[in-house]
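Here is the structure we will look at.
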Amino acid sequence: MPQLLAITGSPSAHSRTAVVADHVLRRLAHSGFATAHLSVRDLPAADLLSARRGEPEIRRALQAVADADGIVLATPVYKASYTGLLKAFLDLLPQDGLAGKTVLPLVTGGSLAHVLTIDYALRPVLCALGARHVTAGRFVLDSSVERGSGPDRLRPEAELDLFQAVDEFADALRGAAHATALAATA
């Protein structure tokens, strides 16, 4: 069974980005995938910013990326790009840190003016890190994340669009697992 890791790069404790990532993980877990969530904001800031790869929590986070077959990378838009927090973490990965992995990029933001963040800011770094396949990402408007007295949820139209991307990601992961199994028997 493919192992999936969601990495969220929001510095906010009450992040809409984390809400979106958790929706994705629930959908993938319901489809039979093993899932985990790494919130970069929970890593020790001094170790992260000083690139102390050998420190226990940083080492565990990097190992979780190495062990994952698929990565869901979620970030809010900050200054027309992904967050500096996420950048600090991605900088800790080895040059081929995403080699052989399927990646689903997700971006949240307040305006559709930032929709190109996926293709012009995030996708190039994912490819530079050697991702085997970067699936079609999704941009989710902040206004599509409803928060209140009950559980956080997505507006139905945003959820449908997001789940289409998740299903495509799951299909890509299954295809990669099948190809790997065939190669192992050849």
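The values are calculated or read from the model by the stated rules, or taken from the named source; none is laboratory data. Keep in mind that what you see is a predicted model, and the values were worked out from it rather than measured. Glycine also receives a Cβ, built like all others from the backbone with ideal geometry; neighbour counts cover every protein chain displayed. Heavy atoms of the whole protein, side chains included, go into the accessibility calculation; ligands, DNA and RNA do not. Shrake-Rupley method; radii C 1.70, N 1.55, O 1.52, S 1.80 Å.
Things worth noting here:
- Listed residue (A6, V19, G70) projecting farthest to the positive dipole end of the stretch 1-70, Cβ model: V19
- In this structure, the amide hydrogen of A131, modeled 1.01 Å from its nitrogen in the peptide plane, lies closer than 5 angstrom to those of L98, counting only residues at least 5 positions away or on a different chain.
- The Stokes-Einstein estimate for the chain, based on a Kirkwood radius over Cα pairs and taken at 25 °C with 0.890 mPa s viscosity, is a diffusion coefficient of 147 µm²/s.
- Considering only V125, V40, V65, the Gaussian network model of the chain with Cα springs below 10 Å gives its largest mean-square fluctuation to V125.
- DSSP beta bridges confined to the chain are antiparallel in about 15 percent of cases.
- 3J(HN,Hα) from dihedral phi, the stretch 35-43, Karplus parametrisation 6.51/-1.76/1.60, rounded to Hz, x for glycine, proline: 10, 8, 10, 10, 9, 4, 4, 7, 6
- Computed [θ] at 222 nm, deg cm²/dmol, the chain (DSSP H ≥ 4; -39,500 (n - 2.57); rounded to nearest 500): -12500 deg cm²/dmol
- The chain: most fluctuating residue of R41, R155, R174 per GNM, C-alpha cutoff 10 Å: R155
- Among G32, G100, G150, residue whose mean-square fluctuation peaks in a GNM of the chain (springs only between Cα atoms under 10 Å): G150
- For the stretch 101-183, diffusion coefficient by Stokes-Einstein and Kirkwood Rh (Cα), 37 °C, 0.692 mPa s, µm²/s: 231 µm²/s
- Percent accessible area from carbon and sulfur atoms, the chain, protein chains only, probe 1.4 Å: 54 percent
- Centre-to-centre, using Cα atoms only, the stretch 131-160 and the stretch 32-79 are separated by 21 Å.
- Principal axis dimensions, largest first and in whole angstrom, of the stretch 41-119 by Cα: 39, 29, 19
- Taking the stretch 60-182 and dividing mean pair separation by its residue count, relative contact order in percent (alpha carbons under 8 Å, at least six apart): 24 percent
- Considering only Cα atoms, the convex hull volume of the stretch 5-73 works out to 78 Å³ per residue.
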